[in-house]
1. Scan the range 146-164 and tell me whether some residue there is buried (at least 23 other Cβ atoms within 10 Å of the Cβ), among the small types (Gly, Ala, Ser), closer than 19 Å to Met90 by Cα and touching a helix residue (DSSP H, G or I) at 6+ places or on another chain (Cβ under 7 Å).
2. Every residue in the range 131-173 that is farther than 17 Å from Gly295 by Cβ, touching a strand residue (DSSP E or B) at 6+ places or on another chain (Cβ under 7 Å) and either part of a strand (DSSP E or B) or modelled with pLDDT under 95 (or both), please.
3. Can you confirm whether Ile314 is in contact with a helix residue (DSSP H, G or I) (Cβ under 8 Å, 6 or more places away or on another chain), surrounded by 19 or more Cβ atoms within 10 Å (Cβ to Cβ), of a type in the set (Val, Ile, Thr) and assigned to a helix (DSSP H, G or I)?
4. Pull out all pairs, ordered by first then second residue, where Cβ-Cβ is under 8 Å, the residues are six or more apart or on different chains, the first lies in the range 186-213 and is touching a residue at least 40 places away in the same chain (Cβ under 8 Å), and the second is among the hydroxyl-bearing types (Ser, Thr, Tyr) and surrounded by fewer than 22 Cβ atoms within 10 Å (Cβ to Cβ).
5. May I ask you to list the residues in the range 186-228 that are among the hydrophobic types (A, V, I, L, M, F, W, C), surrounded by fewer than 16 Cβ atoms within 10 Å (Cβ to Cβ) and closer than 23 Å to Thr256 by Cβ?
6. Output the number of residues of the range 284-307 satisfying the condition of being of a type in the set (A, V, I, L, M, F, W, C) and over 17 Å from Asp91 (Cα atoms).
7. Check the range 105-128 and report whether any residue there is buried (at least 21 other Cβ atoms within 10 Å of the Cβ) and touching a Cys at 6+ places or on another chain (Cβ under 8 Å).
8. Taking interchain pairs and intrachain pairs at least six residues apart, which have beta carbon atoms under 8 angstrom, with the first residue in the range 215-229 and under 16 Å from Asn155 (Cβ atoms) and the second buried (at least 16 other Cβ atoms within 10 Å of the Cβ) and of a type in the set (Lys, Arg)?
Amino acid sequence: MDMGEYTTGQDALALAAAAGTQEAIESRSQRFFAKGAEDSARGFNKGSEESVQTTIRRLKREAKMSIVGKQIRIERIINRESKRTVIVPMDHGISVGPIPGLIDMKKAVDAVARGGANAVVEHKGLVGAGHRGAGPDIGLIIHLSASTSLSPFPNAKTLVCSIEEAIRLGADAVSIHVNLGDGMEKEMLKDFGMISREARYWGMPLLAMIYPRGEKIKDEYDVKYIKHAARLGHEMGADIVKVPYTGSVETFQEVTAGCGVPVVIAGGPKMESDRDILEMVRGAMDAGAQGISIGRNAFQHENPEKMVKAMASIVHKNASVNEALAILGPAKTAKRGKAK
């Protein structure tokens, strides 16, 4: 779905992506919040009608500020011209430790920023380590949930950061991870609902990483699970949903068609070559994705800057796979680990 077509609570992102005007904000998004403001005022204010009207006006002002705040922040993590995004997650340290490519965070962030990435995903403790103070600007998405590969329940994500903490750290957006089908799904969905509510209140864009992983999931790349995951992210209030790529344009079109907010793809299955990675990116864009969120296949590449530049050429400039490969130079076939 195009970012400019929203008519629900995600209007802030739509307005940003569609270069919405102040009039658009008032005519579309304010309608969504106005009714809630009036209901809240009359439900909780037991005073005079004048007090009720004062409360309504205050709540409407707060709602308007949240909408404008989200519009400003979302423009820091998407390309204003293409309305698409290239995100590089760098939140792997908690789950698997200090892996190659993420030892020197300033170097890692600088490489992908120079390649044209729109944002990186980091945990709160590495924000300072990755802040460079020079070079191309890049958006900051702070990841709120975590688990480790050492746990007997590695797919059970728990909240380790709050919206307010992320705001104090300078976040342009926040992200949360939910594994559908896991035994702790109920708790993860409860956390998702709480974070979604708080993100909307603070005008903070929310990226939801939704993966089908559990006893009932026979194939986590099956389109029936992926489109369920994407739709869940939308219905829970995410502004952008990240899901695995299903493997083909035809099947992934089902995912984007069933999700009313922008969809970005994860790194997906192990990529055997640069061409494989770029063909996946090209396929996702052809299927209606509005960006990518690829980690290891970017920052563990022998030349992260060029790899991000190649992927960004497809996402933002609609380049072909061969045109993107030309940015990388001579073809190579280095094997890579499963991406995040």
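The values are calculated or read from the model by the stated rules, or taken from the named source; none is laboratory data. On a predicted model such as this, the values are computed, not experimentally measured, just so you know. Here the Cβ positions follow ideal geometry from the backbone for every residue, glycine too, while neighbour counts run over all protein chains shown.
1. no
2. Of everything in the range 131-173, those that are farther than 17 Å from Gly295 by Cβ, touching a strand residue (DSSP E or B) at 6+ places or on another chain (Cβ under 7 Å) and either part of a strand (DSSP E or B) or modelled with pLDDT under 95 (or both) turn out to be Thr158, Leu159.
3. For Ile314, the condition - in contact with a helix residue (DSSP H, G or I) (Cβ under 8 Å, 6 or more places away or on another chain), surrounded by 19 or more Cβ atoms within 10 Å (Cβ to Cβ), of a type in the set (Val, Ile, Thr) and assigned to a helix (DSSP H, G or I) - is met.
4. Correct list of pairs: Asp191/Thr158; Arg200/Ser66; Tyr201/Ser66; Trp202/Ser66; Gly203/Ser66.
5. In the first step, residues of the range 186-228 are kept if they are among the hydrophobic types (A, V, I, L, M, F, W, C); the result is 188-189, 192, 194-195, 199, 202, 204, 206-210, 217, 223, 226.
Checking which are surrounded by fewer than 16 Cβ atoms within 10 Å (Cβ to Cβ) leaves us with 189, 194.
Hit for the range 186-228 is Leu189, nothing else.
6. Number of matching residues: 5.
7. The answer is no, given that none of the residues of the range 105-128 is buried (at least 21 other Cβ atoms within 10 Å of the Cβ) and touching a Cys at 6+ places or on another chain (Cβ under 8 Å).
8. Cβ pairs passing all conditions: Glu220/Arg213.
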